[in-house]
1. Spot the failing condition for residue 111; the list is (1) within 30 Å of residue 16 (Cα to Cα); (2) touching a helix residue (DSSP H, G or I) at 6+ places or on another chain (Cβ under 9 Å), and only one is missed.
2. Look at segment 305-357 and say how many of its residues are in a strand (DSSP E or B) and either touching a residue at least 24 places away in the same chain (Cβ under 8 Å) or over 24 Å from residue 180 (Cα atoms) (or both).
3. Applying the selection to segment 158-178, what residues are under 22 Å from residue 77 (Cβ atoms) and more than 15 Å from the ligand (Cβ to nearest atom)?
4. Taking residue 181, is it free of Cβ contacts under 8 Å to residues at least 60 places away in the same chain, assigned to a loop (DSSP other than H, G, I, E, B) and either near the ligand (Cβ under 9 Å from one of its atoms) or farther than 25 Å from residue 142 by Cα (or both)?
5. Going by the structure shown, is residue 164 modelled with pLDDT under 95 and on the phi > 0 side of the Ramachandran plot?
Ligand code: SAH
(Lines give C-alpha, C1' and ligand atoms only; values in the text may rest on other atoms or scores of the structure.)
Protein backbone atom coordinates (compact mmCIF):
# COMPACT_ATOMS: atom_id res chain seq x y z
CA UNK A 1 0.00 0.00 0.00
CA UNK A 2 0.99 3.63 -0.51
CA UNK A 3 1.32 6.05 2.36
CA UNK A 4 0.51 9.62 1.34
CA UNK A 5 0.58 12.97 3.14
CA UNK A 6 -2.55 15.05 3.90
CA UNK A 7 -1.99 16.80 0.60
CA UNK A 8 -1.97 13.46 -1.16
CA UNK A 9 1.76 13.47 -1.81
CA UNK A 10 3.46 10.08 -1.97
CA UNK A 11 5.60 9.28 1.11
CA UNK A 12 6.44 5.63 0.85
CA UNK A 13 5.29 2.15 -0.01
CA UNK A 14 4.62 -0.33 2.73
CA UNK A 15 2.73 -3.40 3.81
CA UNK A 16 -0.31 -3.23 6.06
CA UNK A 17 -1.24 -5.51 8.95
CA UNK A 18 -4.32 -4.50 10.97
CA UNK A 19 -3.43 -7.13 13.62
CA UNK A 20 -0.07 -5.63 14.43
CA UNK A 21 0.88 -2.70 16.67
CA UNK A 22 3.01 -1.66 13.69
CA UNK A 23 0.15 -1.13 11.23
CA UNK A 24 2.25 -0.26 8.22
CA UNK A 25 5.85 -1.23 7.67
CA UNK A 26 7.52 0.94 5.05
CA UNK A 27 10.03 -0.55 2.65
CA UNK A 28 10.39 1.83 -0.26
CA UNK A 29 10.47 5.60 -0.64
CA UNK A 30 11.24 5.96 -4.34
CA UNK A 31 7.86 5.05 -5.74
CA UNK A 32 8.95 1.64 -7.07
CA UNK A 33 7.07 -1.61 -6.51
CA UNK A 34 7.63 -4.18 -3.76
CA UNK A 35 8.39 -6.92 -6.25
CA UNK A 36 10.85 -9.83 -6.34
CA UNK A 37 13.51 -7.65 -7.88
CA UNK A 38 13.26 -5.16 -5.03
CA UNK A 39 13.55 -7.86 -2.34
CA UNK A 40 16.54 -9.38 -4.11
CA UNK A 41 18.27 -5.98 -4.25
CA UNK A 42 17.58 -5.30 -0.57
CA UNK A 43 19.03 -8.66 0.44
CA UNK A 44 22.02 -8.08 -1.83
CA UNK A 45 22.72 -4.72 -0.17
CA UNK A 46 22.54 -6.31 3.30
CA UNK A 47 25.00 -9.03 2.30
CA UNK A 48 27.39 -6.51 0.74
CA UNK A 49 27.51 -4.53 3.97
CA UNK A 50 28.66 -7.61 5.92
CA UNK A 51 31.36 -8.31 3.35
CA UNK A 52 32.49 -4.71 3.58
CA UNK A 53 32.71 -4.37 7.38
CA UNK A 54 33.48 -7.88 8.54
CA UNK A 55 36.19 -10.31 7.74
CA UNK A 56 33.91 -13.21 8.39
CA UNK A 57 33.34 -14.99 5.14
CA UNK A 58 35.54 -18.01 5.85
CA UNK A 59 34.67 -21.52 6.99
CA UNK A 60 32.94 -21.70 10.38
CA UNK A 61 32.40 -17.97 10.47
CA UNK A 62 29.14 -16.53 11.74
CA UNK A 63 27.40 -13.19 11.30
CA UNK A 64 24.05 -11.50 11.26
CA UNK A 65 23.27 -11.01 7.59
CA UNK A 66 19.94 -9.21 7.80
CA UNK A 67 18.79 -7.04 10.69
CA UNK A 68 15.21 -5.97 10.03
CA UNK A 69 14.68 -2.17 9.88
CA UNK A 70 18.43 -1.57 9.94
CA UNK A 71 18.62 -3.21 6.51
CA UNK A 72 15.33 -1.85 5.20
CA UNK A 73 13.75 -5.27 5.68
CA UNK A 74 11.40 -4.68 8.59
CA UNK A 75 10.33 -8.04 10.01
CA UNK A 76 13.21 -10.23 8.86
CA UNK A 77 16.32 -11.30 10.73
CA UNK A 78 18.85 -13.72 9.27
CA UNK A 79 21.96 -15.13 10.94
CA UNK A 80 24.57 -17.27 9.22
CA UNK A 81 26.38 -20.01 11.12
CA UNK A 82 29.03 -21.52 8.86
CA UNK A 83 27.08 -22.95 5.89
CA UNK A 84 23.62 -22.59 7.36
CA UNK A 85 21.14 -19.77 7.78
CA UNK A 86 18.58 -19.17 10.49
CA UNK A 87 15.75 -16.84 9.52
CA UNK A 88 13.18 -15.30 11.82
CA UNK A 89 10.14 -13.57 10.41
CA UNK A 90 8.45 -11.09 12.67
CA UNK A 91 6.02 -9.52 10.25
CA UNK A 92 3.10 -11.10 8.49
CA UNK A 93 3.87 -9.27 5.27
CA UNK A 94 7.34 -10.73 4.90
CA UNK A 95 6.20 -14.12 6.15
CA UNK A 96 3.73 -14.19 3.25
CA UNK A 97 6.62 -13.44 0.90
CA UNK A 98 8.96 -15.97 2.44
CA UNK A 99 9.18 -18.25 -0.59
CA UNK A 100 10.86 -15.47 -2.60
CA UNK A 101 13.00 -14.22 0.27
CA UNK A 102 14.26 -17.69 1.21
CA UNK A 103 15.02 -18.62 -2.38
CA UNK A 104 16.95 -15.38 -2.81
CA UNK A 105 18.85 -15.88 0.46
CA UNK A 106 19.93 -19.38 -0.49
CA UNK A 107 20.93 -18.26 -3.98
CA UNK A 108 22.83 -15.16 -2.93
CA UNK A 109 24.72 -16.77 -0.03
CA UNK A 110 25.24 -20.25 -1.45
CA UNK A 111 24.20 -21.67 1.94
CA UNK A 112 23.47 -25.40 2.24
CA UNK A 113 20.31 -24.96 4.20
CA UNK A 114 18.02 -22.55 5.97
CA UNK A 115 15.91 -23.00 9.04
CA UNK A 116 12.97 -20.73 9.71
CA UNK A 117 12.56 -20.43 13.45
CA UNK A 118 9.41 -18.83 14.81
CA UNK A 119 9.76 -16.26 17.57
CA UNK A 120 6.72 -16.97 19.73
CA UNK A 121 6.43 -13.59 21.48
CA UNK A 122 6.62 -11.60 18.27
CA UNK A 123 4.34 -14.04 16.47
CA UNK A 124 1.60 -13.36 19.03
CA UNK A 125 2.05 -9.60 18.75
CA UNK A 126 1.80 -9.70 14.96
CA UNK A 127 -1.05 -12.18 14.83
CA UNK A 128 1.14 -14.67 12.93
CA UNK A 129 -0.58 -18.01 12.95
CA UNK A 130 0.43 -21.38 11.67
CA UNK A 131 4.08 -20.42 11.94
CA UNK A 132 6.05 -23.62 12.28
CA UNK A 133 9.67 -24.49 11.86
CA UNK A 134 10.56 -24.90 8.21
CA UNK A 135 13.70 -26.40 6.76
CA UNK A 136 14.88 -25.55 3.26
CA UNK A 137 17.81 -27.50 1.88
CA UNK A 138 19.72 -29.61 4.37
CA UNK A 139 20.47 -28.93 8.01
CA UNK A 140 22.81 -30.81 10.35
CA UNK A 141 21.26 -32.57 13.34
CA UNK A 142 24.16 -31.98 15.71
CA UNK A 143 25.26 -28.53 16.93
CA UNK A 144 27.50 -26.76 14.37
CA UNK A 145 30.91 -25.29 15.12
CA UNK A 146 31.58 -21.60 14.59
CA UNK A 147 34.75 -19.62 15.22
CA UNK A 148 34.61 -16.26 16.96
CA UNK A 149 37.75 -14.37 18.03
CA UNK A 150 39.91 -17.53 17.68
CA UNK A 151 37.54 -19.62 19.76
CA UNK A 152 35.34 -22.46 18.61
CA UNK A 153 31.74 -22.49 19.84
CA UNK A 154 29.06 -25.11 19.38
CA UNK A 155 25.76 -23.64 18.24
CA UNK A 156 22.51 -25.52 18.48
CA UNK A 157 20.64 -24.27 15.43
CA UNK A 158 17.32 -25.87 16.33
CA UNK A 159 17.06 -25.44 20.07
CA UNK A 160 19.53 -22.68 21.05
CA UNK A 161 18.29 -19.35 22.40
CA UNK A 162 17.57 -16.52 19.98
CA UNK A 163 18.94 -17.95 16.73
CA UNK A 164 21.59 -20.00 18.57
CA UNK A 165 24.32 -17.55 19.55
CA UNK A 166 24.55 -13.94 20.72
CA UNK A 167 26.50 -12.52 17.79
CA UNK A 168 25.79 -8.95 18.86
CA UNK A 169 28.31 -9.23 21.74
CA UNK A 170 31.18 -10.48 19.64
CA UNK A 171 33.36 -7.34 19.90
CA UNK A 172 32.31 -6.56 23.47
CA UNK A 173 33.67 -9.94 24.55
CA UNK A 174 37.10 -8.93 23.27
CA UNK A 175 36.81 -5.49 24.86
CA UNK A 176 35.91 -7.04 28.22
CA UNK A 177 38.77 -9.53 27.89
CA UNK A 178 41.29 -6.66 27.89
CA UNK A 179 40.55 -6.06 31.58
CA UNK A 180 40.94 -9.70 32.61
CA UNK A 181 44.68 -10.48 32.56
CA UNK A 182 45.48 -12.69 35.54
CA UNK A 183 42.13 -11.79 37.15
CA UNK A 184 39.33 -13.71 38.84
CA UNK A 185 36.36 -13.27 36.51
CA UNK A 186 32.68 -13.89 37.17
CA UNK A 187 30.50 -14.20 34.03
CA UNK A 188 26.85 -13.80 34.98
CA UNK A 189 24.23 -15.00 32.45
CA UNK A 190 27.05 -16.75 30.58
CA UNK A 191 24.89 -18.82 28.15
CA UNK A 192 27.38 -20.97 26.19
CA UNK A 193 30.45 -19.21 27.61
CA UNK A 194 30.98 -16.31 25.18
CA UNK A 195 32.44 -13.75 27.59
CA UNK A 196 34.07 -16.34 29.88
CA UNK A 197 36.05 -18.12 27.18
CA UNK A 198 37.14 -14.88 25.51
CA UNK A 199 38.35 -13.68 28.93
CA UNK A 200 40.54 -16.77 29.14
CA UNK A 201 41.77 -16.93 25.54
CA UNK A 202 42.17 -13.28 24.53
CA UNK A 203 42.43 -11.90 28.05
CA UNK A 204 44.55 -14.49 29.83
CA UNK A 205 42.26 -14.40 32.84
CA UNK A 206 43.38 -16.31 35.93
CA UNK A 207 40.08 -18.06 36.63
CA UNK A 208 36.55 -17.72 35.29
CA UNK A 209 33.25 -18.83 36.75
CA UNK A 210 30.20 -18.73 34.47
CA UNK A 211 26.64 -18.86 35.79
CA UNK A 212 23.45 -19.46 33.80
CA UNK A 213 20.08 -20.88 34.80
CA UNK A 214 19.81 -22.94 31.60
CA UNK A 215 21.25 -26.42 32.10
CA UNK A 216 21.50 -26.99 28.35
CA UNK A 217 23.43 -23.74 27.89
CA UNK A 218 25.82 -24.74 30.69
CA UNK A 219 26.33 -28.13 29.10
CA UNK A 220 27.36 -26.43 25.83
CA UNK A 221 29.56 -23.96 27.74
CA UNK A 222 31.44 -26.88 29.31
CA UNK A 223 31.80 -28.57 25.92
CA UNK A 224 33.09 -25.28 24.47
CA UNK A 225 35.70 -25.04 27.25
CA UNK A 226 36.91 -28.57 26.43
CA UNK A 227 36.86 -27.90 22.68
CA UNK A 228 39.14 -24.87 23.20
CA UNK A 229 41.32 -26.57 25.84
CA UNK A 230 40.47 -23.93 28.40
CA UNK A 231 40.47 -26.05 31.52
CA UNK A 232 40.44 -23.06 33.87
CA UNK A 233 36.80 -22.35 33.04
CA UNK A 234 34.10 -23.40 35.49
CA UNK A 235 30.43 -23.27 34.60
CA UNK A 236 27.50 -23.82 36.96
CA UNK A 237 23.76 -24.00 36.24
CA UNK A 238 22.18 -21.71 38.82
CA UNK A 239 20.11 -18.58 39.30
CA UNK A 240 22.22 -15.40 39.21
CA UNK A 241 20.62 -13.78 42.25
CA UNK A 242 20.89 -16.95 44.37
CA UNK A 243 24.53 -17.30 43.33
CA UNK A 244 25.37 -13.68 44.13
CA UNK A 245 23.80 -14.02 47.59
CA UNK A 246 25.75 -17.21 48.21
CA UNK A 247 29.06 -15.74 47.00
CA UNK A 248 28.55 -12.65 49.14
CA UNK A 249 27.90 -14.57 52.35
CA UNK A 250 30.76 -16.95 51.74
CA UNK A 251 33.06 -13.94 51.21
CA UNK A 252 34.13 -14.80 47.65
CA UNK A 253 35.27 -11.82 45.63
CA UNK A 254 36.14 -11.20 41.97
CA UNK A 255 38.27 -8.66 40.10
CA UNK A 256 35.96 -8.53 37.08
CA UNK A 257 32.20 -9.15 37.03
CA UNK A 258 30.34 -9.38 33.72
CA UNK A 259 26.54 -9.20 33.70
CA UNK A 260 24.66 -9.76 30.44
CA UNK A 261 21.05 -10.45 31.48
CA UNK A 262 18.11 -11.22 29.20
CA UNK A 263 15.86 -8.38 28.05
CA UNK A 264 14.21 -6.91 31.16
CA UNK A 265 11.86 -4.46 29.35
CA UNK A 266 9.68 -6.05 26.69
CA UNK A 267 6.96 -3.34 26.68
CA UNK A 268 6.96 0.39 27.37
CA UNK A 269 4.92 -0.32 30.49
CA UNK A 270 7.65 -2.68 31.67
CA UNK A 271 10.39 -0.02 31.72
CA UNK A 272 9.96 0.92 35.36
CA UNK A 273 10.30 -2.68 36.52
CA UNK A 274 13.24 -3.19 34.21
CA UNK A 275 15.06 -0.27 35.79
CA UNK A 276 14.43 -1.77 39.22
CA UNK A 277 15.80 -5.05 37.89
CA UNK A 278 18.99 -3.42 36.56
CA UNK A 279 19.42 -1.59 39.88
CA UNK A 280 19.04 -4.75 41.90
CA UNK A 281 21.31 -6.79 39.63
CA UNK A 282 24.15 -4.27 39.47
CA UNK A 283 24.03 -3.55 43.20
CA UNK A 284 24.27 -7.27 43.93
CA UNK A 285 27.03 -7.71 41.33
CA UNK A 286 29.29 -5.05 42.81
CA UNK A 287 28.93 -6.55 46.27
CA UNK A 288 31.15 -9.40 45.10
CA UNK A 289 33.54 -7.08 43.24
CA UNK A 290 36.88 -6.10 44.81
CA UNK A 291 37.47 -2.38 45.37
CA UNK A 292 38.84 -1.00 42.12
CA UNK A 293 37.37 -3.94 40.22
CA UNK A 294 35.82 -3.82 36.76
CA UNK A 295 32.12 -4.24 36.08
CA UNK A 296 31.02 -5.05 32.53
CA UNK A 297 27.30 -4.49 32.58
CA UNK A 298 24.94 -4.96 29.65
CA UNK A 299 21.36 -4.23 28.75
CA UNK A 300 19.66 -5.46 25.60
CA UNK A 301 16.37 -3.68 26.38
CA UNK A 302 15.97 -1.16 23.58
CA UNK A 303 13.38 0.67 25.65
CA UNK A 304 16.00 1.50 28.28
CA UNK A 305 18.20 3.89 26.35
CA UNK A 306 21.87 4.65 26.89
CA UNK A 307 21.26 7.71 29.07
CA UNK A 308 18.74 5.90 31.23
CA UNK A 309 21.09 2.95 31.70
CA UNK A 310 23.97 5.26 32.70
CA UNK A 311 21.59 6.91 35.14
CA UNK A 312 20.89 3.49 36.69
CA UNK A 313 24.63 3.11 37.26
CA UNK A 314 24.66 6.52 38.95
CA UNK A 315 21.95 5.31 41.30
CA UNK A 316 23.86 2.10 41.97
CA UNK A 317 26.90 4.18 42.93
CA UNK A 318 24.83 6.33 45.24
CA UNK A 319 22.97 3.48 46.92
CA UNK A 320 26.06 1.35 47.43
CA UNK A 321 28.36 4.23 48.38
CA UNK A 322 30.96 3.18 45.81
CA UNK A 323 32.05 5.48 43.00
CA UNK A 324 31.55 4.19 39.46
CA UNK A 325 33.69 5.50 36.60
CA UNK A 326 32.54 4.65 33.10
CA UNK A 327 35.51 3.60 30.98
CA UNK A 328 33.79 2.42 27.81
CA UNK A 329 30.27 2.78 26.45
CA UNK A 330 29.81 0.14 23.82
CA UNK A 331 27.00 -1.11 21.62
CA UNK A 332 26.11 -3.90 19.23
CA UNK A 333 28.59 -5.34 16.69
CA UNK A 334 28.58 -3.75 13.19
CA UNK A 335 26.69 -6.66 11.64
CA UNK A 336 23.79 -5.31 13.76
CA UNK A 337 23.84 -1.77 12.31
CA UNK A 338 21.72 1.03 13.73
CA UNK A 339 19.51 2.81 11.23
CA UNK A 340 19.77 6.58 11.65
CA UNK A 341 16.15 6.77 10.49
CA UNK A 342 14.96 4.20 13.02
CA UNK A 343 16.89 4.67 16.23
CA UNK A 344 14.90 1.89 17.91
CA UNK A 345 17.31 -0.45 16.14
CA UNK A 346 19.93 0.53 18.73
CA UNK A 347 19.25 -1.77 21.64
CA UNK A 348 22.49 -3.15 23.13
CA UNK A 349 24.44 -1.30 25.79
CA UNK A 350 27.68 -2.72 27.16
CA UNK A 351 29.18 -0.40 29.74
CA UNK A 352 32.61 -1.14 31.15
CA UNK A 353 33.28 0.62 34.42
CA UNK A 354 35.60 0.73 37.37
CA UNK A 355 34.02 0.47 40.76
CA UNK A 356 35.88 2.13 43.63
CA UNK A 357 36.06 1.38 47.34
N1 SAH B 1 26.31 -13.56 27.85
C2 SAH B 1 25.76 -14.51 26.94
C3 SAH B 1 24.34 -14.20 26.55
C4 SAH B 1 23.37 -14.07 27.70
S5 SAH B 1 21.70 -14.13 27.24
C6 SAH B 1 26.66 -14.64 25.73
O7 SAH B 1 27.62 -13.88 25.62
O8 SAH B 1 26.43 -15.51 24.89
C9 SAH B 1 20.92 -14.21 28.78
C10 SAH B 1 21.08 -15.53 29.52
O11 SAH B 1 20.50 -15.38 30.82
C12 SAH B 1 20.39 -16.74 28.93
O13 SAH B 1 21.38 -17.70 28.63
C14 SAH B 1 19.44 -17.25 30.04
O15 SAH B 1 19.43 -18.66 30.13
C16 SAH B 1 20.03 -16.64 31.26
N17 SAH B 1 19.16 -16.36 32.42
C18 SAH B 1 17.95 -15.77 32.42
N19 SAH B 1 17.51 -15.57 33.68
C20 SAH B 1 18.48 -16.05 34.50
C21 SAH B 1 18.65 -16.11 35.93
N22 SAH B 1 17.71 -15.64 36.75
N23 SAH B 1 19.77 -16.65 36.42
C24 SAH B 1 20.73 -17.12 35.59
N25 SAH B 1 20.64 -17.07 34.25
C26 SAH B 1 19.53 -16.54 33.70
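1. (1)
2. 15
3. Within segment 158-178, 158 is the sole residue that qualifies.
4. Yes, satisfied.
5. Yes; evaluated as a whole, the condition is true for this residue.
To keep it simple, each residue is scored yes or no on (1) closer than 14 Å to residue 351 by Cα; (2) exposed (fewer than 14 other Cβ atoms within 10 Å of the Cβ); (3) more than 25 Å from the chain's Cα centre (by Cα).
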{"residue": "230", "(1), (2), (3)": "no, no, no"}
{"residue": "234", "(1), (2), (3)": "no, no, no"}
{"residue": "246", "(1), (2), (3)": "no, yes, yes"}
{"residue": "287", "(1), (2), (3)": "no, no, yes"}
{"residue": "292", "(1), (2), (3)": "no, yes, yes"}
{"residue": "296", "(1), (2), (3)": "yes, no, no"}
{"residue": "318", "(1), (2), (3)": "no, yes, yes"}
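The values are calculated or read from the model by the stated rules, or taken from the named source; none is laboratory data. Worth saying up front: this structure is predicted, and the values here are computed from it rather than measured. Note: ideal-geometry Cβ built from the backbone for every residue, glycine included; neighbour counts use all protein chains shown.
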